[in-house]
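Here's the structure we're looking at; comments come further down.
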Amino acid sequence: GRIAVIENGLDHVGPPPAADGDALVARSRRFAFFGQATPTKGLDVLVRAAMLIDRQAGDLPAPIALDVYGVTAEAFAAMWPQLKAPSWVRFRGRYRPQDCVSIMQGFGWIIIPSVWWENSPVVIQEARAAGTPMIASDIGGMAEKTAGWGIQFRVGDPDALAAAMLGVHDRPDILAEHSARIEKPLDLEGFDRD
């Protein structure tokens with residue numbers, strides 16, 4: 001009883017976006033990754049999932065988009081030269097950390113496909129601050145921290161990730177349901193109080 005664990009506070013917590021009908025539909029078709037091009041972050045798993053989805057692109061009810069933040073196309077190609085991302089996967093490169101939450105608010109789902117047992121990734125706190133649900137690997141802190149408001153898929157499995165993405169793509173009802181379950185994370189002011 002003498003030890004308490006609190007999350008890291010964020011200095012850029014703002015109100016989540018209004019969930020009107022058209023904006024919700026548009027966001028339900030948009031996915032994003034925030035991270036680095038390292039083998040442990042699972043970006044290759046995500047691109048393999050996108051390649052699987054691309055084979056079905058003609059059968060999709062609406063367009064799909066995946067933006068990759070923190071990684072350039074060149075950095076990805078250097079790490080995984082055998083993988084060719086579909087044209088609807090856009091590599092956005094670096095971003096300012098203070099802009100992360102506002103960028104996330106333009107997406108329906110943030111994907112965290114890490115293949116190692118992350119403890120408490122800040123990207124999860126940032127997604128909560130943005131009011132944007134996550135699709136996360138089903139291990140470690142990713143599974144624990146997204147329980148109830150995120151969707152988990154079998155770690156390292158592109159087929160499972162593709163199925164999870166297709167299961168929520170163009171489904172504003174599922175997006176609204178998961179967004180409503182998100183509890184706002186601790187901001188720095190609250191961190192200082194605690």
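The values are calculated or read from the model by the stated rules, or taken from the named source; none is laboratory data. Note that the coordinates shown come from a computational prediction; the quantities given were computed from them, not determined experimentally. Virtual Cβ from ideal backbone geometry, glycine too; neighbours counted across all protein chains shown. Heads up: the accessible areas ignore ligands, DNA and RNA and are worked out on the full protein's heavy atoms, side chains in. Shrake-Rupley method; radii C 1.70, N 1.55, O 1.52, S 1.80 Å.
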Inter-label distance for residue 102 and residue 88, nm, one decimal - labels placed 7 Å from Cα along Cα-to-Cβ: 2.8
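Mind checking the dipole of region 80-168: about its Cα centre, +1 per Lys or Arg Cβ, -1 per Asp or Glu Cβ, Debye to the nearest 20?
The dipole of region 80-168 has a size of about 360 debye.
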Helix-only mean residue ellipticity at 222 nm for the chain, each DSSP H run of n ≥ 4 adding -39500 (n - 2.57), per residue, nearest 500: -10000 deg cm²/dmol
³J(HN,Hα), Karplus 6.51/-1.76/1.60, whole Hz, each residue of region 52-62, x for Gly, Pro: 5, 5, 4, 5, 9, 3, x, 9, 6, x, 7
Heavy-atom accessible surface of the chain: percent carbon and sulfur, 1.4 Å: 51
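Nearest 0.05, what FRET efficiency do residue 74 and residue 51 give at R0 = 25 Å with Cβ-Cβ as r?
0.85
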Per-selection metrics, region 66-194 (Cα): Rg and Dmax in Å: 15.1, 50
Cβ charges +1 (Lys, Arg) and -1 (Asp, Glu), total dipole of the chain, debye: 380
The chain - percent relative contact order, Cα under 8 Å, separation 6 or more: 30
Reachable lysines from residue 184, criterion Cα separation under 22 angstrom, eight or more residues apart if same chain: 145
